[in-house]
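Okay, handing you the structure first.
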Amino acid sequence: MKLPAFFIAHGSPLLALEDNEYTRFLARLGSDLGKPRGIVVFSAHWDSPQQLLTVDAQHEAQHDFYGFPEEMYKQSYPAPGDPALSSRISALFKDHNLPSQPVLGRGLDHGVWVILQKMFPQADIPVVALSVDSLRSPEEQYNIGRMLAPLREEGILLLGSGGLVHNLRLLKQDDQPERWALDFDAWIEEKLTAWDIASLFAFEKLAPHAREAVPTYGREHFVPLFYIMGTAHEGRKAQRMIQAYQYGTLSLNCWMAD
């Protein structure tokens with residue numbers, strides 16, 4: 001069965017310890033999806049001009065953050081890797097003349113393991129992590145996603161982990177979203193539901209409050225959306241599954257692309 005692909009916001013690393021509407025949604029989503037043969041994740045926390053991918057047989061969780069409660073540094077997600085799946089991905093990239101580099105021993109960054117811990121807590125599904133390149137054009141990012149579309153028919157779940165509204169410099173003490181954040185997410189919903197890629201590719205010029213929602217230093221959190229959209233180029237359908245906020249300026253949303 002062909003699996004849908006998903007853009008999933010990973011929010012603050014503290015999601016790993018939280019029980020709220022969003023974490024419960026992720027748990028239900030994982031349960032509904034069953035047990036895919038493997039999971040491939042484009043992570044905002046792996047930004048590189050080269051296309052990189054993990055090739056490990058076994059992963060460990062990176063604790064790639066600081067200033068958090070001690071309990072955060074005890075969190076683990078010992079998911080297996082899948083070198084054969086990594087080789088399949090490399091071959092798909094090569095078929096489309098995209099050079100890629102295998103990476104051994106990196107582990108899974110928190111953009112990967114925090115959401116997977118909620119979705120698939122048993123950590124028994126093979127995971128391959130992929131880098132993104134925030135400096136590529138949206139069209140290039142979209143087309144890289146297209147290269148991996150065949151995996152969706154091979155029992156592989158394709159995910160993009162990031163955040164559509166991700167402004168760490170304007171965080172608040174409460175979760176009430178800022179008006180500009182709501183307006184930006186509403187614009188994304190309108191264009192993505194219509195699969196208006198021309199507008200989405202030009203979001204920095206066209207979307208209201210794009211500078212606040214996607215500051216230059218946080219662009220890597222937005223671009224996994226384009227990679228995931230590319231994996232669904234054939235069907236060109238998108239549905240927002242949930243919308244929530246943390247600290248007013250981090251959107252917690254999940255988009256399904258099919």
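Nothing in this text is a laboratory measurement; each read-out follows from the coordinates by a stated rule. None of the values given here were measured: they were computed from a predicted structure. We place every Cβ from the backbone using ideal geometry, glycine too, and count neighbours over all the protein chains shown.
Starting with the fewest neighbours, write out Val40, Val103, Val112, Val223 ranked by other beta-carbon atoms found within 10 Å of each beta-carbon.
Working: Val40 27, Val103 19, Val112 30, Val223 24.
The fewest-first ordering by Cβ neighbours comes to Val103, Val223, Val40, Val112.
Looking at region 1-76, which trypsin sites (Lys or Arg not before Pro) are DSSP coil and have at most 14 other C-beta atoms within 10 Å of their C-beta? Write down the numbers at each step before the final one.
Values: sites: Lys2, Arg24, Arg28, Arg37, Lys74; in loops: Lys2, Arg37.
Taking region 1-76 and a limit of 14 other Cβ atoms within 10 Å, the loop trypsin sites (Lys or Arg not before Pro) found are Lys2, Arg37.
Using a 10 Å cut-off around each Cβ, can you sort Arg169, Arg136 from fewest to most neighbouring Cβ atoms?
Result, fewest neighbours first: Arg169, Arg136.
On a 30 Å Cα-Cα criterion, which of the cross-link pairs Lys35/Lys94; Lys74/Lys94; Lys35/Lys205 come out too long?
Violating the 30 Å limit, Cα to Cα: Lys74/Lys94; Lys35/Lys205.
Turning to a different aspect of this structure: What ranking of Leu14, Leu52 emerges when the number of other C-beta atoms within 10 Å of each C-beta is taken as an exposure proxy, fewest first?
Fewest-to-most ranking of Leu14, Leu52: Leu14, Leu52.
Next up: Tell me the relative contact order for region 5-257 as a rounded percent, counting alpha carbon contacts under 8 Å between residues six or more apart.
About 31 percent, as a whole number.
Name the shape class, rounded, prolate or oblate, that the alpha-carbon gyration tensor gives for region 13-72, where a ≥ b ≥ c are the square roots of its eigenvalues, rounded holds for a/c under 1.5, and otherwise prolate holds if a/b is larger than b/c and oblate otherwise.
Oblate, because a/c is 1.5 or more while a/b does not exceed b/c.
For region 103-177 and region 28-63, what is the centre-to-centre distance using only Cα atoms, to the nearest Å?
7 Å
Let me ask something else about it. Looking at the square roots a ≥ b ≥ c of the eigenvalues of the Cα gyration tensor of region 68-215, which shape do they give, rounded for a/c under 1.5, prolate if a/b is larger than b/c, or oblate? Could you put the intermediate results ahead of the total?
Values: a/c = 2.16, a/b = 1.21, b/c = 1.78.
Taking the square roots of the gyration eigenvalues as a ≥ b ≥ c, region 68-215 is oblate.
Can you list the HN-Hα couplings for region 6-13, worked out from phi with the Karplus curve (6.51, -1.76, 1.60; θ = phi - 60°), rounded to whole Hz and with x for Gly and Pro?
9, 9, 10, 6, 9, x, 6, x
Per the helix-only calculation at 222 nm, which mean residue ellipticity applies to the chain, given -39500 (n - 2.57) for every DSSP H run of n ≥ 4 and division by its residues, nearest 500 deg cm²/dmol?
-9000 deg cm²/dmol
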